[in-house]
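The values are calculated or read from the model by the stated rules, or taken from the named source; none is laboratory data. The model shown is predicted, which means the values in this text are computed figures rather than measured ones. We place every Cβ from the backbone using ideal geometry, glycine too, and count neighbours over all the protein chains shown. Heavy atoms of the whole protein, side chains included, go into the accessibility calculation; ligands, DNA and RNA do not. Shrake-Rupley method; radii C 1.70, N 1.55, O 1.52, S 1.80 Å.
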Amino acid sequence: MPTAIVDQRQSVPAPDRLRPACREAVSITGRPYVSHSQLSTMRQCPRRFSFQYIERARLDFQPSSLLFGGAMHAAFESWYRGRLEGITATPADLFDAFMDRWKLDRAGVGGDVPVKFCKGEDMGTITALARRMIDAFLAAPISRPNGRILGIEEQFSVVLAPDLPDIVARVDLVTETAEALHVVDLKTARSRWTEERAAEAGEQLLLYGRVTRDLARGAGLPTKLHFAVITKAKVPQVQVIDVLADQGRLSAVRDSVAQVWTAARGGNYFANPSPLNCSNCPFKSRCPAFAG
């Protein structure tokens, strides 16, 4: 039987047992760690970072894209967990997992917060798309990876440097073959990714590779990193794109994280308005850039 990676989530230690950088993270966000999504938000718009992670401000709306991505991940997770347990889930099972997660995330922010659908979307088109993407996923080799499954949606902490807080990484899928340990990050996207797009998004995957490095060394195997991209198309496509896991790139990630964390510590949470950042921002009504 496959052996799952031990989930390293733990209760929050007493403040005097935390590293200084983690104590500082608690003072800023209330948590002794930061996530990749928090760092990405800080890069895009420090004001949104403050609304979302410090002030916990009420949302104007829930973007359908975020709800959809989380719900699709729940569907994929249910499939892989079934395989780990020797159960073959049906497309209907995956769709049920999709809907359960959608409803759970909707309830999590309050039922009176509306969903903001993209142009031409409604709940009917969303569910039809989910069914098509589930069918495409199940027909693709990524749904039946070679080797054995070691971990599914496992959460770990990464220490990149003593002066940085722990970085929380949630790994979608880890498998082991005779040749390598494979770390897979599942993505939904409007269109196919290019190699350049995968390289730009590689920071998160490199962090995941750092998480599993010791496990790979213990098994005497190299680590291989992959994006699995399922497109939101009339006929969804599934891509698997490899990302190079080298120490030089990881050093660049560490430097980038350090720069973002320095900015977060400084407390200058300025607005960074742009069509890309603001069109789907659920805090726009509160933003000083749009006051009046």
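For the stretch 3-31, filtered to residues that are in a loop (DSSP other than H, G, I, E, B) and at pLDDT 85 or above, the residue that is least open to solvent (accessible area, probe 1.4 Å) is LEU18.
Scan the stretch 100-113 residue by residue and report those that are assigned to a helix (DSSP H, G or I), farther than 18 Å from GLU153 by Cα and either modelled with pLDDT of 90 or more or of a type in the set (A, V, I, L, M, F, W, C) (or both).
First, pick out the residues of the stretch 100-113 that are assigned to a helix (DSSP H, G or I): 100-108.
Then drop every residue that is not farther than 18 Å from GLU153 by Cα, which leaves 103, 106-108.
LYS103, ARG106, ALA107 - these are the residues of the stretch 100-113 that are assigned to a helix (DSSP H, G or I), farther than 18 Å from GLU153 by Cα and either modelled with pLDDT of 90 or more or of a type in the set (A, V, I, L, M, F, W, C) (or both).
Counting the residues of the stretch 129-157 that are surrounded by 19 or more Cβ atoms within 10 Å (Cβ to Cβ) and modelled with pLDDT under 90 gives 4. Return the pair list, or none, for Cβ contacts closer than 9 Å from residues in the stretch 65-88 that are free of Cβ contacts under 8 Å to residues at least 60 places away in the same chain and over 21 Å from ASN280 (Cα atoms) to residues that are of a type in the set (A, V, I, L, M) and not in a helix (DSSP H, G or I), at least 6 apart or on different chains. Partner pairs satisfying both residue conditions: SER78/ALA89; GLY82/ALA89; GLY86/MET1.
Scanning the stretch 153-200 for residues that are among the acidic types (Asp, Glu) and more than 30 Å from GLU24 (Cα to Cα) returns GLU176, GLU179, GLU195, GLU196. Scanning the stretch 261-277 for residues that are open to solvent by less than 40 Å² (accessible area, probe 1.4 Å) and touching a Lys or Arg at 6+ places or on another chain (Cβ under 6 Å) yields a single hit, ALA271.
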